[in-house]
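Colleague: Have a look at this one.
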Amino acid sequence: MTKTALITGVTGQDGAYLAELLLAKGYDVHGVKRRSSSFNTARIDHLYQDPHVTGARLHLHYGDMTDSTNLIRIVQEVKPDEIYNLAAQSHVQVSFDTAEYTANADAIGTLRLLEALRLLGLAETTRFYQASTSELYGLVQQVPQSETTPFYPRSPYGVAKLYAYWITVNYREAYGMHASNGILFNHESPLRGETFVTRKITRAVSAIHLGLQDMLWLGNLDAKRDWGHARDYVEGMWRIVQQDKGDDFVLATGETNTVRTFVELAFAEVGITLEWSGTGVDEVGRCAKTGKTLVKVDPRYFRPTEVELLIGDPAKAKRVLGWEATTTLAELVSEMVREDLKAVAREAESRRPDEERPISLYAAKG
Ligand code: NDP
Ligand code: GDR
């Protein structure tokens with residue numbers, strides 16, 4: 001029997017990897033995408049199948065997590081065996097500027113989907129996966145962080161995701177739903193959004209190497225993150241949903257590194273060794289060979305409240321799901337820089353000869 005999955009957030013990093021995985025497993029995949037004034041399907045264009053040709057297995061629906069009737073209609077039409085709720089305003093810093101919207105999409109949006117399942121009589125048949133996050137841990141209580149570590153979110157994003165986490169647990173307990181939380185630590189890839197720190201770094205390193213950008217501006221270099229590869233993590237999501245019962249799992253590598261280390265590894269990929277001097281907002285990273293300043297700190301990227309240290313304990317996932325992260329940080333950085341060298345070069349080629357626009361507009365953003 002062909003299984004049907006519905007993915008909200010299919011146009012995002014994880015949505016793209018998950019859609020690819022589920023299609024390879026023979027699923028019919030339905031994705032929710034937002035209407036946008038410019039194309040927003042670049043990450044899944046390679047998976048797109050002409051709906052006029054019979055046998056197409058990827059189907060896209062316009063929708064939004066803030067629109068209850070839209071979500072009810074999509075769930076009614078698709079009647080999925082599995083829902084992967086990945087849609088979210090997922091940028092922590094942006095959530096301080098758009099706190100209400102973030103709560104609406106990330107917290108109440110999750111409730112809307114769960115309620116749609118109840119209203120449509122699908123609560124006992126459709127399995128539900130919630131994209132929970134290590135941002136729930138926030139202010140350090142204990143490390144490494146596991147399924148039993150207390151939560152203390154530090155941003156409107158983290159607080160919205162806390163609601164989504166608990167409403168998922170509550171619907172599992174109240175209505176016997178097969179509903180699960182994947183508490184995923186940071187996972188990255190060449191498809192990562194350009195304003196998250198890893199991709200901002202690998203794009204900037206590529207543009208600097210190609211002579212298209214002078215400098216990389218960053219915020220807190222001391223923050224520590226447990227970084228894995230998105231491809232590994234979507235496999236974990238699928239395994240969580242295949243369990244006999246809904247449950248909550250941490251997916252992480254179990255290793256942590258500073259933003260500074262990520263920057264060093266990325267520059268090393270293009271043959272540049274960095275030397276650091278100064279502290280706090282005066283810290284700079286220079287090319288050891290030429291002395292040229294390549295990295296500076298801009299306090300605009302500091303967060304009102306920061307999550308300083310994340311390191312996950314994936315023991316339960318290993319024991320129950322047989323899941324383990326397979327990509328080292330060095331491999332991840334290397335793949336991201338290699339792909340960005342190609343992407344940035346392509347972008348540079350496509351510019352008009354007279355165009356002054358900097359290659360990396362992201363240098364000045366998130
Ligand atoms: P992205 O930001 O890359 O993707 C988010 C997706 O959600 C995009 O498809 C986006 O659409 C969509 N979206 C945003 N707002 C809405 C809305 N109101 N209605 C419908 N769709 C919406 O995130 P990731 O792929 O990295 O993450 C997937 C999920 O996992 C998110 O919920 C995130 O919070 C969570 N998470 C991510 C982690 C990570 O390290 N990547 C770690 C832990 C949790 P559009 O393309 O149009 O913007
Ligand atoms: P995060 O990811 O907040 O962990 O959330 P992000 O890459 O944005 O930040 C990681 C750390 O790097 C520091 N930092 C900077 N961050 C950004 N974006 N830009 C900068 O210039 C910069 N300089 C330093 C940040 O302060 C932070 O400490 C991600 C998202 O995918 C969430 O949706 C997800 O839930 C969590 O990971 C797990």
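Colleague: For segment 293-311, what are the residues that are closer than 17 Å to Ala252 by Cβ and more than 10 Å from ligand 2 (Cβ to nearest atom)? Break it down stepwise before answering.
Modeller: Let us first name the residues in segment 293-311 that are closer than 17 Å to Ala252 by Cβ, namely 307-311.
Result: Ile311, single match.
Colleague: Could you pull out every one of the helices (runs of 4 or more DSSP H) wholly within segment 1-115 that has 1 or more residues that are over 30 Å from Phe302 (Cβ atoms)? Before you say what the answer is, go through the steps one by one.
Modeller: Working: elements: 13-24, 68-78, 92-97, 99-102.
Those helices (runs of 4 or more DSSP H) span 13-24, 68-78.
Colleague: Condition test on Ala56, is it more than 20 Å from Gly121 (Cβ to Cβ), out of contact with any strand residue (DSSP E or B) (no Cβ under 8 Å at 6 or more places or on another chain), more than 16 Å from ligand 2 (Cβ to nearest atom) and not acidic (Asp, Glu)?
Modeller: Values: more than 20 Å from Gly121 (Cβ to Cβ): yes; out of contact with any strand residue (DSSP E or B) (no Cβ under 8 Å at 6 or more places or on another chain): yes; more than 16 Å from ligand 2 (Cβ to nearest atom): yes; not acidic (Asp, Glu): yes.
Yes: the conditions hold for Ala56.
Colleague: Further question on the same structure: Go through segment 1-38 residue by residue and tally those that are surrounded by fewer than 22 Cβ atoms within 10 Å (Cβ to Cβ), within 14 Å of ligand 1 (Cβ to nearest atom) and touching a residue at least 24 places away in the same chain (Cβ under 8 Å).
Modeller: Qualifying residue count for the region: 5.
Colleague: Quick check on segment 119-131: of everything there that is assigned to a loop (DSSP other than H, G, I, E, B) and under 17 Å from Lys245 (Cβ atoms), which residue is nearest to the chain's Cα centre (by Cα)? Outline the logic, then answer.
Modeller: Restricting attention to segment 119-131, the residues satisfying the condition of being assigned to a loop (DSSP other than H, G, I, E, B) are 120-126.
If we keep only those that are under 17 Å from Lys245 (Cβ atoms) too, we end up with 123-126.
Working: Ala123: 27, Glu124: 29, Thr125: 28, Thr126: 24 Å.
Across segment 119-131, the extreme among qualifying residues is Thr126.
Colleague: Only one of Val241, Val250 is away from ligand 2 (no atom under 16 Å from the Cβ), surrounded by 17 or more Cβ atoms within 10 Å (Cβ to Cβ), not basic (Lys, Arg) and not assigned by TED's automatic domain parsing to the domain that holds Val333; which?
Modeller: Values: Val250 fails: away from ligand 2 (no atom under 16 Å from the Cβ).
Result of the check over Val241, Val250: Val241.
Colleague: Report, ordered by the first and then the second residue, all pairs with beta carbons closer than 8 Å, sequence separation of six or more or different chains, a first member in segment 61-87 that is over 20 Å from Ala103 (Cα atoms), and a second member that is small (Gly, Ala, Ser) and crowded, with 24+ Cβ neighbours inside 10 Å.
Modeller: His61/Gly31; Pro80/Ala5; Asp81/Ala5; Glu82/Ala5; Ile83/Ala5
The values are calculated or read from the model by the stated rules, or taken from the named source; none is laboratory data. Since the structure is predicted, the reported quantities are computational estimates derived from the model, not experimental observations. All Cβ positions, glycine included, derive from the backbone under ideal geometry; neighbour counts span all protein chains shown.
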